[in-house]
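Have a look at the structure below before the remarks.
The values are calculated or read from the model by the stated rules, or taken from the named source; none is laboratory data. Given the structure is predicted, the values throughout are model-derived calculations rather than measurements. Cβ placement follows ideal geometry from the backbone for every residue including glycine, while neighbour counts extend to all protein chains displayed.
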Amino acid sequence: MKEHKPNVEELLAKAKEPAKKAPSWHAAYRGKVEVVPKCAVTGYEDFGIWYTPGVAQPCREIAEKPEKVFEYTNKGNFVAVVSDGTRVLGLGDIGPLAALPVMEGKALLFKYLGGVDAFPVTISTKDPEELIQAVKWIAPAFGGINLEDIASPKCFYVLDRLRAEMDIPVWHDDQQGTAAITLAGVLNALKVVGKDPRRATYAVIGSGAANIAFVRVALTYGIPAGQIIMVDSTGILHPGREDLEREKTQNPYKWDYAHRTNKERRKGGIAEALEGVDVCVAASKPGPGVIKPEWVQRMARNAVVLACANPVPEIWPWEAKEAGAKVIGTGRSDFPNQINNSLGFPAIFRGTLDVFAKTITDEMTIAAAEAIAKTAEAKGLREDYIVPTMMEIEVFINEAVAVAKKAMEQGVARRTLTEAELARNAERMIRRAQEEVRTLMKAGHIAPPPAAP
């Protein structure tokens, strides 16, 4: 049976609706996050405890034993969402001011889906060394750093430096977050079609932050490098690419993958990369038409196509289906199998912060991916259901527990909790955050959104 083709004009119109509503909604609330007290205030005399003179005693104790900062302050639940505004969504280099709405949105998702108190911090520099230094300067106030919307290849260098030089977790969601949900989607899609992820072959379309990180995490998971073929805007990555050699100092990651992947040493473009492979993971440029149906036809039988460009995927799902793909995912919520990193970062940080971890390893990212995959599998995998939705709160709890357990196992956690304690804390923090929003809305302190313009 052929999949029903939605009206393309209606789809494109629907894709534009959020942009139409966004200005009036943002103006109505003047942003999306604010600071709300979490302590009781029974009277004005309490301020003598919360502030001066009483506050001096916790300060003295922290000065003597720095680890007490996690006991006496909210550092262990604070995350800075840091960006220089050089690669914002599909908008490019729009600067730190114009990036602020995105960072506020990220902070909202952190709180609502993970119970994490996140703060947007946009930095007015394009220099990677200055950005690194700025993050180091603000680090004492935070339990973790989420890097966001930083141009490639600078983003790789900044992440690697900060991960190596800081004792709190530093994460780049465009890299590790996307890698986690993509790996989860791949694992479950291959279960649906009955293929082993370590034996399958892959065409990775797009060689920016998302797919560079996906390949790194996939290799850590155990997928052989030679079974992966990567494509950038010029063509397939291979050792003979003189342009990659010229740019290897600026972008050593692509040069490295040009040698490690693509054991067949294929050349050409997307069409040649897709020939006979089991899985297509695309994170390139908006379509349609970036991936053509006749190219999908030449993939292996029961192929998987994850076309994740937004707002329009590289190929329409029904086109991929008609071309023979068995399982199709996109980055959009109005199609089945949304591959969205919002399923990852709130819970990954929840688990990381709950054990006061010093870093987020690739193995912790894989633990999150496996938890996402198992949550969906427990409900019954189908061609149109390979990952949970953001409405399924249990996926965030399961992820948080899996990530925290892996951190303890790897010796990067500052404290040890049982699995039951981790699950209770994650559920409490997430449900509390969501109930706070509902309570404020019910009381009228958060007004309904304005009518459509």
*Which residue, of Ala28, Ala19, Ala15, is under 25 Å from the mean Cα position of the chain (by Cα) and in contact (Cβ under 8 Å) with a residue 40 or more places away in the chain?*
Ala15
*If you scan the stretch 200-252, which residues turn out to be in a helix (DSSP H, G or I) and not aliphatic (A, V, I, L, M)?*
Asn211, Phe214, Arg216, Thr220, Tyr221, Gly226, Gln227, Glu242, Asp243, Glu245, Arg246, Pro252
*Looking at the stretch 121-136, is at least one residue part of a strand (DSSP E or B) and more than 24 Å from Lys406 (Cα to Cα)?*
yes
*Which members of the stretch 281-305 meet the condition of being within 13 Å of Val193 (Cβ to Cβ) and within 23 Å of the chain's Cα centre (by Cα)?*
Val304, Val305
_Residue that is touching a Pro at 6+ places or on another chain (Cβ under 9 Å) and either more than 20 Å from Glu419 (Cβ to Cβ) or charged (D, E, K, R) (or both), where the choices are Val296, Val312, Val304_ = Val312
_Please go through the stretch 107-132 and give me each residue that is surrounded by fewer than 21 Cβ atoms within 10 Å (Cβ to Cβ) and of a type in the set (Gly, Ala, Ser), ordered by number._
Ser124
*Can you tell which of Ile228, Ile223 is touching a strand residue (DSSP E or B) at 6+ places or on another chain (Cβ under 6 Å) and on the phi < 0 side of the Ramachandran plot?*
Ile228
*Of all residues in the stretch 329-354, which are farther than 17 Å from Ile366 by Cα and either free of Cβ contacts under 8 Å to residues at least 12 places away in the same chain or of a type in the set (Gly, Ala, Ser) (or both)?*
Gly329, Gly331, Ser333
_Residues within the stretch 135-171 that are touching a Ser or Thr at 6+ places or on another chain (Cβ under 7 Å), closer than 22 Å to Asp93 by Cα and surrounded by fewer than 23 Cβ atoms within 10 Å (Cβ to Cβ), tallied_ = 1
*Candidate set from the stretch 38-91 (those that are of a type in the set (S, T, N, Q) and assigned to a loop (DSSP other than H, G, I, E, B)); member that is surrounded by the fewest Cβ atoms within 10 Å (Cβ to Cβ)*: Thr42
*Picking from Thr365, Thr359, which residue would you name as being buried (at least 16 other Cβ atoms within 10 Å of the Cβ) and not in a helix (DSSP H, G or I)?*
Thr359
_Regarding the stretch 383-391, can at least one residue be identified that is over 19 Å from Ala189 (Cα atoms) and either in a loop (DSSP other than H, G, I, E, B) or touching a residue at least 40 places away in the same chain (Cβ under 8 Å) (or both)?_
yes
_Set Asp334, Asp354: member being buried (at least 23 other Cβ atoms within 10 Å of the Cβ) and within 24 Å of Leu108 (Cβ to Cβ)_ = Asp354
*Among (1) modelled with pLDDT of 95 or more; (2) within 25 Å of Lys16 (Cα to Cα), where does Val304 come up short?*
(2)
*Kindly list the number of the only condition in (1) crowded, with 23+ Cβ neighbours inside 10 Å; (2) out of contact with any helix residue (DSSP H, G or I) (no Cβ under 8 Å at 6 or more places or on another chain) that fails for Trp316.*
(2)
*asked:* One residue is enough: does the stretch 138-151 have a residue meeting the conditions in a helix (DSSP H, G or I) and charged (D, E, K, R)?
replied: no
*asked:* Looking at the stretch 272-290, can you tell me whether even one residue there is at positive phi and touching a strand residue (DSSP E or B) at 6+ places or on another chain (Cβ under 9 Å)?
replied: no
*Would you be able to tell me the number of residues in the stretch 109-157 that are in contact with a strand residue (DSSP E or B) (Cβ under 7 Å, 6 or more places away or on another chain) and not hydrophobic (A, V, I, L, M, F, W, C)?*
9
*Name the single residue, out of those in the stretch 233-247 being of a type in the set (D, E, K, R) and surrounded by fewer than 14 Cβ atoms within 10 Å (Cβ to Cβ), that is farthest from Ala209 (Cα to Cα).*
Glu242
*Does Ala371 satisfy the criteria of being hydrophobic (A, V, I, L, M, F, W, C), over 26 Å from Phe214 (Cβ atoms), surrounded by 14 or more Cβ atoms within 10 Å (Cβ to Cβ) and touching a residue at least 12 places away in the same chain (Cβ under 8 Å)?*
no
*Do the conditions hold for Val186, that is, is it touching a Pro at 6+ places or on another chain (Cβ under 7 Å), modelled with pLDDT of 95 or more and crowded, with 22+ Cβ neighbours inside 10 Å?*
yes
_Looking at Pro313, Pro336, can you tell me which residue is in a loop (DSSP other than H, G, I, E, B), touching a Gly at 6+ places or on another chain (Cβ under 8 Å), under 16 Å from Val186 (Cα atoms) and not hydroxyl-bearing (Ser, Thr, Tyr)?_
Pro336
*Determine if the stretch 268-280 includes at least one residue that is in contact with a Ser or Thr (Cβ under 6 Å, 6 or more places away or on another chain) and of a type in the set (Gly, Ala, Ser).*
no
